[in-house]
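The structure appears right after this line, and notes come after that.
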């Protein structure tokens, strides 16, 4: 029998009972922790739900004589990062990346988070772990690889409203927000040389009233304007793919012409480079 205590940062997922045993989590009967469907490679991502809402979800409630089972919506999202930090200085460097996003994109375009450091003792020794209590964003996933046609936004929001006037207003608002988001990302790239990960499925959320939010705030990569193709700490070419997503938002949603002499796109979207990026992507998915 293997009695080795496994570090939570190496675990693929955590059950609620395991979460409640963590030394930095208070066991409260008022709240329930549940694995969020978007748990990723870099973090454990957990919903924080009220026990009352979960009870309604599982046992239902009577409304106008009918038993309804409303889905429990998270009050917050808890992220437990898998990063191994050598010291507090390294943790603060990681937190600085989040504040960089906050500075250039603003709270309107990212899921705001309260970042905090905990002293994890689960393996028998004290270790630093970075966590975040993040805003829960509800809406439709803006999948850059699923965009088809100039009416994509109308089709995306059509299921949420049958009022054509309201639909038109939401689509217009979403388009304005996407344009502002692209502009701020381009400004961030020009000023800092960093770009956030825009490529992951579910990283961009369009709320039902037409706002756009970046919810993956833990992967920000350095852009290098040369022929080398940078990969992130998991081996994914997120820099190149994120630049491609930026171009898709401009070209396919905003219907803008991509200028051939644009220095960013001219380098990152060259046919030869895109072939190399696809090769790296295939290698990454093979190694998952």
Note to self: To check my understanding: the extent here is largest minus smallest coordinate of the Cα atoms along each principal axis. What are those three numbers for the range 120-249, in Å, largest first?
What the structure shows: 59, 41, 25
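For the range 74-197, what does the alpha-carbon gyration tensor say about shape, rounded, prolate or oblate, given a ≥ b ≥ c as the root eigenvalues, a/c under 1.5 as rounded, and a/b over b/c as prolate? Mind dumping the intermediate values first?
Values: a/c = 3.08, a/b = 1.95, b/c = 1.58.
Verdict is prolate for the range 74-197.
For the chain, just run the numbers: alpha carbon Rg, then divide by 2.2 N^0.38 Å, N being how many residues it has. Working shown, then result.
Details: Rg = 21.0 Å, N = 288, 2.2 N^0.38 = 18.9 Å.
In units of the globular-protein estimate, the chain measures up at 1.11.
Kindly state, as a whole number, the per residue volume in cubic angstrom of the convex hull around the alpha carbon atoms of the range 15-79.
Values: hull volume 5.9 nm³, N = 65.
Dividing the Cα hull volume of the range 15-79 by its residue count gives 91 Å³.
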Checklist line | Ellipticity estimate at 222 nm from DSSP helix runs (n ≥ 4, -39,500 (n - 2.57)) divided over the chain, nearest 500 | finding: -11000 deg cm²/dmol
Next item on the list: Return the Cα extents of the range 12-134 along principal axes one, two and three, sorted largest first, each rounded to a whole Å.
Entry: 58, 40, 22
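Rounded, prolate or oblate: pick one for the range 70-123, where a ≥ b ≥ c are the square roots of the eigenvalues of its C-alpha gyration tensor, a/c under 1.5 means rounded, and failing that, prolate if a/b is larger than b/c, else oblate.
Details: a/c = 3.44, a/b = 1.18, b/c = 2.92.
Because a/c hits 1.5 or more and a/b fails to exceed b/c, the range 70-123 counts as oblate.
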Next item on the list: Compare the peptides 192-204, 222-234 by average per-residue count of other Cβ atoms within 10 angstrom and give them in order, highest first.
Entry: 192-204, 222-234
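For a quick protection proxy, order the peptides 256-267, 75-86 by their average other-Cβ count within 10 Å, most packed first. Present the calculation step by step, with values, prior to reporting the outcome.
Numbers: 256-267: 11.8, 75-86: 17.2.
Ranked from most to least packed, the peptides come out as 75-86, 256-267.
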Check: What nm value, rounded to one decimal, do you get for the distance between residue 52 and residue 251 when each label is placed 7 Å out toward the C-beta?
Finding: 5.1 nm
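Using per-residue counts of other Cβ atoms within 10 Å, averaged over each peptide, order 113-120, 145-152, 182-189 from highest down. Mind showing how you got there, number by number?
Details: 113-120: 15.2, 145-152: 11.4, 182-189: 17.1.
In decreasing order of mean packing, 113-120, 145-152, 182-189 become 182-189, 113-120, 145-152.
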Note to self: Just to compare against my own numbers: the Cα pair-distance distribution for the range 220-288, 10 Å bins, whole % per bin, please.
What the structure shows: 19, 51, 26, 4
Next item on the list: Determine the gain in length on full extension of the stretch residue 69-residue 166; use 0.36 nm per residue of separation and subtract their C-alpha separation, reporting nm with one decimal.
Entry: 32.1 nm
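FYI, it's all coordinate maths here, none of it is from the lab. Keep in mind that what you see is a predicted model, and the values were worked out from it rather than measured. Cβ coordinates were reconstructed from backbone atoms using ideal geometry, including for glycine residues, and neighbour counts include every protein chain displayed.
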